[in-house]
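Colleague: Below are the structure tokens for one structure; questions will follow.
Read the figures in this text as sums done on the coordinates, not as results from a lab. What you see is a predicted model, and the numbers here were worked out from it, not measured in a lab. In this analysis, Cβ positions are derived from the backbone assuming ideal geometry, glycine residues included, and neighbour counts consider all displayed protein chains.
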Amino acid sequence: MNNAAAILLSVTAMFCIYRHSAAAPPVDPSADGLEQAILRTDSYIANSRHYLQNKLNRINMVKDRLSNADSSHVAKLMIEVGREYRRYNVDSAAAYFSDAMRVASNSGDGSLVREATLELAAVNPLRGIIKESVDMLELVDKESIPRFYRLNYFDKGFDVYVTTAAYYADKALGRQYLRKALAFSDSLVRYHPSGSAHQLYHKGWSAMNRGDMATALAELRAALSASEFGHTLYARVAASLADYYQNYAGDADQAAFYLALSAMSDIAAGTKETTSLQRLGLDLYRRGDISRAYNYLTKALDNSIESGSKIRTLAEINTLPVVTKAYKDKDGSRIRWLYALVGVLSVAMIALVVMVWLIYRSKRRISDYRSQLATTNMHKDAYISQILAICSSYIERIEDLNRLIVRKVKTGQGQDLCRMVESGEMMREQSDKFLRSFDEAFLTIYPDFVDRLNGLLRHDARFGELSEKRLTPELRIAAFMRLGVDESARIARLLGLSLNTVYTYRNKLRNRAEDRENFESNIKRIGSFAQF
């Protein structure tokens, strides 16, 4: 009684886990496009460990039942454990089927021996044991199989011949096994209940392999609607629809869409026989989705290796060059992005350096401007002081001259006074004092005026060093031009020269210049901010 209750609880728990793993709804082709299907496939792959754990839990539950079973149920439960392992680990499945054959043979249960034999024959091709599996199947006397059990016989035989035909796909032997698979598929159409998902699938599969595409499409669509997502049959039907759209309809997007459905159903079932995922990865690689293709192909290859399926692993290994190229392309893409990033950072660094240099130069120019402004202010003060000194000197001279005139007039020396005025001695004396004061004031404000002026002249026409801070007539004319006194007549009056002399000096200066056209305007910029 306790054993019965334990078995009931185990079955109930296993059913709940199974329903949870298959609860995810399928993608509706009319509602979702290929892009949405691919995104959902990504999600299933990301959660694949969860589905595999559910599968392992189901296996462990059946194994728990096996460990508590009496001898009359051992062989049957071994077969059940083997079936759970079939798409998870083929070596473990084969081991349980072989043990079941031995136990059933020892107990004299011929029916269970035959059942275990058919299961072993169906799983062995995946392990690379092909000829022995075909021989094992063909040694079974189908006439001796009870009618109610023939469905299982044709189902396992179909699996054997389909797997073998795929292995010899490019050879005449492959077509021979395909014809046998078609015969077994026709038998399955008769033995499966009318309108069932399995019957619809075999109708569609047989029609497609015989070239009746209209019937194939209709039956396969009906089979998909009748199948339950997360079951092996659902994945098979979706993969067959992908074959139809890829090989006959020429619709790559629809083919990829149904491959995504098949791959998702396989993952939800916790199977490691993910052929559709591998095919989808190749399709994505051709579409240029390198990163996703690499993930899909490596995931499919890992599953095949872990499942122990030599046939599937061999098929996956054939995609290794694609996987490697996808990895290199992915890595190359990352390197190109890295180079681009380095390039952008380099340009940004250069721009930053240039900006810092410009800021530094601007600050330096501002500093120079401030320095020149301070110097200019200092020169302005000095200039004002010099002007005041000149004015003060002139006032003193006028006072002295006024006293001299008064004294001469009072003493009756009018003729002497007239003689002094007519001789021009007083004017020469005052003019010389004015020029001396002007030279001193100007050179105080512009101490490097002569050097700057020489910079505007030809090398062989430059002025020599000044003696005692006295300007020559030519330099005084240039000095007045710097101060903005452009009129030659005014310059002549201030310097006490003839107008013709001023004209001559100005022409000589212009002829000595490097840039004759802009010489006078260049003189006006000496000592100004524009020079910085």
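Colleague: Please give the charge dipole size of segment 116-274, origin at the Cα centre, charges +1 on K and R Cβ atoms and -1 on D and E Cβ atoms. Round to the nearest 20 debye. Walk me through the intermediate numbers first.
Modeller: Details: 16 positive and 18 negative charges, 59 e Å.
It comes to approximately 280 debye.
Colleague: Expressed in nm to one decimal, what extension gain is obtained for the pair residue 132 and residue 361 from 0.36 nm per residue of sequence separation less their Cα-Cα distance? Could the numbers behind the result be given before it?
Modeller: Working: separation 229, 0.36 × 229 = 82.44 nm, distance 8.82 nm.
Taking 0.36 nm per residue and subtracting the Cα distance, the gain is 73.6 nm.
Colleague: To continue, here is another question. Largest first and in whole Å, give the semi-axes of segment 171-254's equivalent ellipsoid, each being the square root of 5 times a Cα gyration tensor eigenvalue.
Modeller: Working: eigenvalues 71, 64, 25 Å².
In descending order the semi-axes read 19, 18, 11 Å.
Colleague: Here's a follow-up. Percent of Cα-Cα pairs per 5 Å bin, from 0 to the last occupied bin, for segment 110-219, please list those.
Modeller: The distribution over segment 110-219 is 2, 13, 21, 23, 20, 13, 7, 1, 0, given as percents.
Colleague: I'd like the projected area of segment 424-532, averaged over all directions, using the convex hull of its alpha carbons. Report it in nm² with one decimal.
Modeller: Values: hull surface 28.6 nm².
For the Cα atoms of segment 424-532, the hull's average projected area reads 7.1 nm².
Colleague: What list of ³J(HN,Hα) couplings, whole Hz, do you get for segment 339-348 from phi and the Karplus terms 6.51, -1.76, 1.60, once you set θ to phi - 60° and write x for glycine and proline?
Modeller: Running phi through 6.51 cos²θ - 1.76 cosθ + 1.60 with θ = phi - 60° gives 4, 4, 5, 4, x, 4, 5, 5, 4, 4 Hz.
Colleague: Tell me the Kirkwood radius of segment 229-292: reciprocal of the mean inverse pair distance over distinct alpha-carbon atoms, in Å.
Modeller: Details: mean 1/r = 0.0868 Å⁻¹.
Its Kirkwood hydrodynamic radius stands at 11.5 Å.
Colleague: Quick query: amide H of residue 457 versus all other amide H atoms, modeled in the peptide plane; which residues come in under 5 Å with a sequence gap of 5 or more or a different chain?
Modeller: 514
Colleague: Please give the length that would be gained between residue 407 and residue 460 if that part of the chain were fully extended, namely 0.36 nm times their separation in residues minus their C-alpha to C-alpha distance (nm, one decimal). Spell out each step's value before the answer.
Modeller: On the way: separation 53, 0.36 × 53 = 19.08 nm, distance 5.52 nm.
Roughly 13.6 nm would be gained on extension.
Colleague: Ranking request for peptides 51-59, 480-488: highest mean number of other beta-carbon atoms within 10 Å first, then the rest in descending order. Mind showing how you got there, number by number?
Modeller: Numbers: 51-59: 18.2, 480-488: 15.1.
By packing density, highest mean first, the sequence is 51-59, 480-488.
Colleague: Right, here's the next one. Restrict the search to segment 201-309; then list the GluC sites (Glu not before Pro) that DSSP places in a loop and that have at most 14 other Cβ atoms within 10 Å of their Cβ. Don't skip to the end; give the middle numbers.
Modeller: Working: sites: 219, 228, 273, 306; in loops: 228, 273.
For GluC sites (Glu not before Pro) across segment 201-309 that sit outside H, G, I, E and B with at most 14 neighbouring Cβ atoms in 10 Å, the list reads 228.
Colleague: Search the structure for amide H atoms under 5 Å from the amide H of residue 69, placed 1.01 Å from N in the peptide plane, and list their residues when 5 or more places away or on another chain.
Modeller: Distant-sequence amide H within range of residue 69: zero hits.
Colleague: Which one, 496, 464, 479, projects farthest toward the positive side of the charge dipole computed for segment 444-509 from Cβ point charges (K/R +1, D/E -1)?
Modeller: Value: 496.
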